[in-house]
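Every number here is computed from the coordinates shown, using simple stated rules; none is lab data. As the structure is a prediction and not an experimental result, all values here were calculated from the model. Backbone-built Cβ (ideal geometry, glycine too); neighbour counts: all protein chains shown.
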Amino acid sequence: MGRVIMHVDMDAFFCAVEELLNPALHGIAFAVGGAATGRGVISSASYPARKLGIHSAMPTSQALKIAPGLIVVGHRHDTYGAYSRRVMSILREYTNTLQQISVDEAWVDVTGFETAPRALALEIQKRISVEVRLPCSIGIATSKLVSKMASGRAKPAGVLQIPAGGEAAFLAPMAVGELWGVGEATAARLKQIGIATIGDLQRASPSNLSGTFGNNAAGAVARANGIDDSPVQEDGRAKSISEENTFARDLADENQLRIELLSQCDHVAARLRKVGLHAATIHLKLRWTDFTTITRQAKLAQPSQLGDELFDAVEKLWRQNWRSGQRVRLIGVGVTGLSDGEQLELLHAASRSSKRALAGVLDELRSQYGDAIVDRASLRLKPNPRTRYNTPIS
């Protein structure tokens, strides 16, 4: 018997929670996001707002130009997290083989259940609707990839099952950019070589795709055909931790940018220590005034959870890619390659142990008395006001 994987995706989750808490919002065009005056962005748009062209990641100022009457509600992340935990608790009543991939979506492996998959999905959907009072859509397939694509097609509040053997036919008519894992830049390159739909990618020769996918060309064709054997991971271990700030005014001051990077590295390092992980790779994200965005990464000399070591590596990337006086709209730091332990060089073991001990003391102080109780002296020089996004652990 083949696998049965469900992808459960909450519909316009942030907006649905806001409607639940404020019924006056029901049926009208509104969005959850940051203020337009603070370079805010839209996090979630209600379905009436989506019909007007409003979507997530759109600058709030742009959204208000498109829909001048749009209501923008501020984030309530703690509240969204509480509702998310209630949803995940229901899913875990069915199986522990669950992989939560964001605050509002998860895969569950229900292979071997006696109840027919569609009937089981409808039961889960009804329970979430009745017990949490929130809508969701569910995709059912033999893989994570296709189940996620199916839940997207089932929105809003639908259930769609793709039968075994029907994966390729289901995916073929879709635009190639809709294939999970294919971004806008990759889709644009594929269109340049005549590949506009997922069906086109299914029929393509891997040898003709190496310029776009490199050594993963054959894998890309397999995914286009709905072939995905990746398991539903039960442990939910973090794969990345990141933080990024969008400035209220474009920033070109070298010292302030440096302080911002140092602050972000300290925050990311504290989150690493909190979950007991070390990072092997550091990432830098820069967005210029014209919205051009670049990302750069580098391997750390050894896995780390110390802000100083993260900063030493990311500062080099920043210096290599930023010109003096160049105005920056957004800057961000992230880490990947997370693991439980680290390989310590004997020469530096004692000093790193002391640094970790000091960092642990500071973490405890901040936990008890708040983040402002202790900080680096250099961070007391506050940079230009910004909108900070602490990206959830993923």
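Quick look at the numbers
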{"read-out": "Modelled FRET efficiency - R0 30 Å, Thr281 with Arg203, Cβ distances, 0.05 increments", "value": "0.25"}
{"read-out": "Point-to-point label distance, Arg249-Ala82, nm (Cα→Cβ direction, 7 Å offset)", "value": "3.8"}
{"read-out": "Efficiency of FRET between Lys191 and Ile90 - r from beta-carbon atoms, R0 30 angstrom, step 0.05", "value": "0.15"}
{"read-out": "Kirkwood hydrodynamic radius over Cα pairs of segment 1-138, then Stokes diffusion coefficient at 25 °C and 0.890 mPa s, in µm²/s", "value": "153"}
{"read-out": "Computed lengthening from Ala57 to Arg296, 0.36 nm per intervening residue step minus Cα-Cα distance", "value": "83.9 nm"}
{"read-out": "Amide H within-cut-off set for Ser44, under 5 Å, with H built and near neighbours excluded", "value": "Val32"}
{"read-out": "Descending principal axes extents, segment 168-282, alpha-carbon based, whole Å", "value": "51, 39, 24"}
{"read-out": "20 Å Cα-Cα reach of Lys274 towards lysines, excluding residues that sit fewer than 8 places from it in its own chain", "value": "Lys239, Lys355"}
{"read-out": "Anchor Lys191: lysines whose Cα lies under 25 Å away (excluding residues fewer than 8 positions away in-chain)", "value": "Lys148"}
{"read-out": "Estimated inter-spin distance, Ser324 and Thr97, nm [label 7 Å along Cα→Cβ]", "value": "6.0"}
{"read-out": "Euclidean distance between Cα centres, segment 3-67 to segment 104-163, Å", "value": "22"}
{"read-out": "Residue (of Ala279, Thr212, Val268) at the positive-pole extreme of segment 210-282, dipole from beta-carbon charges", "value": "Ala279"}
{"read-out": "Viscosity 0.692 mPa s, temperature 37 °C, Stokes-Einstein D of segment 168-224 from Kirkwood C-alpha radius, µm²/s", "value": "303"}
{"read-out": "Charged-residue dipole, Cβ positions (Lys, Arg, Asp, Glu), segment 85-177 about Cα centre, Debye nearest 20", "value": "260"}
